[in-house]
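Down below is the structure, laid out as structure tokens.
The values are calculated or read from the model by the stated rules, or taken from the named source; none is laboratory data. Every value quoted in this text rests on a predicted model; they were computed, and no experiment measured them. A quick note on method: Cβ atoms are made from the backbone with ideal geometry, for glycine too, and the neighbour counts reach across all protein chains shown. The protein model used for the area step is the full one, side chains on, heavy atoms only, and it has no ligands, DNA or RNA in it. Shrake-Rupley method; radii C 1.70, N 1.55, O 1.52, S 1.80 Å.
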Amino acid sequence: MNARSAAHPLNVVVAGSTSAAGRAVVEALVGIGARVAAVDLDPVGVESLAETHDEVAPYVCNLADLSAVGNLADSIRADLGPVDGLIHLVGGWRGGDGIPGQKDEDWDVLHTSVLTTLRNTSRTFYPDLEASPSGRMAIVSAVAASQPTASGAAYSAIKAASEAWVLGMADGFRRAQSGHKTEPKEQSSAAAIFVVKALVDETMRTEAPHRAFPGYTDVSELADHVSALFSAPASELNGTRQHLV
């Protein structure tokens, strides 16, 4: 693990930590010795994560509120120190009946839950990630971002916008480090995108034992890829779109 030091382990923020994917990612990060700031709107869920893992600190925050995210960042920095990683797992799905059936209320929900929370958290923690010797930022996107359907047009558009935002972050990291015009240095920060068809976990399999879930990515596989971000060279990760399908 490319941690700051034994005395200063990696500090990673997991936004959307109480979902099945969030819990798997938190566990994987704890497994590599990271301290995790588990963030969600669900107070019971984040407290449960903290009770299960000594290296998890629980935080309740409305990530759609930029001011609240600023206060969250202040609390995390005071409790744990500078942030080395931001894993954004806040999402949602809304579909419609073709293009005319794409409803404004569904668009608003997706825009707020997916894109606004991404913009707020990434803008707030960006200085930490750029300054970290192992800064990492990642989102989970969908195949639908590049292969949209009429019924899922709003969802696909939001996911595509999220990918563009992360690639913008990657460009910022590059320009500040290996691509700096006057004082280039080794790339130490990276922003990456994980692409899935959909995610599956053991609860879903138990509830639908006869369903095959073809092309789905298990949350444990996603978690392994997230934790591996911190041992792979930033120069090889930055700006990548990794398919886990």
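Accessible surface computed residue by residue for the stretch 86-245, with neighbouring protein chains in place and a 1.4 Å probe, gives 48 Å² per residue. Per residue, the convex hull spanned by the Cα atoms of the stretch 159-219 measures out at 94 cubic angstrom.
Extents of the stretch 101-219, taken as max minus min of Cα coordinates on every principal axis and listed largest first, are 57, 33, 23 Å.
Annotation: Cα Rg of the stretch 41-95 relative to the compact-globule expectation 2.2 N^0.38 Å equals 1.25.
From Cα pairs below 8 angstrom and at least 6 apart in sequence, can you work out the relative contact order of the chain, rounded to a whole percent?
Details: 482 pairs, mean separation 48.0, N = 245.
Result for the chain is 20 percent.
For the chain, the longest principal axis of the Cα atoms and the long axis of helix 66-79 meet at an angle of about 40 degrees.
Residues considered: 47, 221, 105. Largest GNM mean-square fluctuation over the chain, using C-alpha springs under 10 Å, is found at 105. Size descriptor for the stretch 62-160, Kirkwood hydrodynamic radius: 14.7 Å (Cα pairs only, one decimal).
Only helices enter this figure: runs of n ≥ 4 DSSP H residues, each worth -39500 (n - 2.57), summed and divided by the residues of the chain, yield -12500 deg cm²/dmol at 222 nm to the nearest 500.
For residue 218, the residues whose amide H sits under 5 Å from its own are 200, ignoring neighbours fewer than 5 places away on the same chain, with H placed 1.01 Å from N. Note that the stretch 29-41 has calculated 3J(HN,Hα) couplings of 5, 4, x, 9, x, 7, 9, 10, 8, 8, 10, 6, 7 Hz, one per residue in order, obtained from phi through the Karplus relation 6.51 cos²θ - 1.76 cosθ + 1.60 (θ = phi - 60°); glycine and proline are x. For the stretch 186-229, the Kirkwood hydrodynamic radius from C-alpha pairs, put into Stokes-Einstein at 25 °C and a viscosity of 0.890 mPa s, yields a diffusion coefficient of 200 µm² per second. Relative to the longest principal axis of the Cα atoms of the chain, helix 43-52 runs at roughly 50 degrees.
At most 15 other Cβ atoms within 10 Å and a DSSP loop assignment: could you name the trypsin sites (Lys or Arg not before Pro) in the stretch 102-172 that fit? Answer by residue number: 103. Of the trypsin sites (Lys or Arg not before Pro) in the stretch 192-244, the ones in a loop by DSSP (not H, G, I, E or B) with at most 16 other beta carbons within 10 Å are 211.
Only alpha carbons enter this Debye calculation for the chain, each as an equal point scatterer, and the log10 of I(q)/I(0) it gives at q = 0.10, 0.11, 0.13, 0.18 Å⁻¹ is -0.46, -0.56, -0.78, -1.47. Could you work out how far helix 153-176 tilts from the main Cα principal axis of the chain, as a 0 to 90 degree angle to the nearest 10? Tilt of helix 153-176: around 10 degrees.
For the stretch 50-202, which whole-number percentage of the solvent-accessible area (1.4 Å probe, protein heavy atoms only) is attributable to carbon and sulfur atoms? Mind showing how you got there, number by number?
Working: 3570 of 6860 Å².
Carbon-and-sulfur percentage of accessible area, whole number: 52.
Relative contact order of the stretch 41-151: 31 percent, from C-alpha pairs under 8 Å at least 6 residues apart in sequence.
Summing Cβ point charges (Lys, Arg +1; Asp, Glu -1) relative to the Cα centre of the chain gives a dipole of roughly 780 debye.
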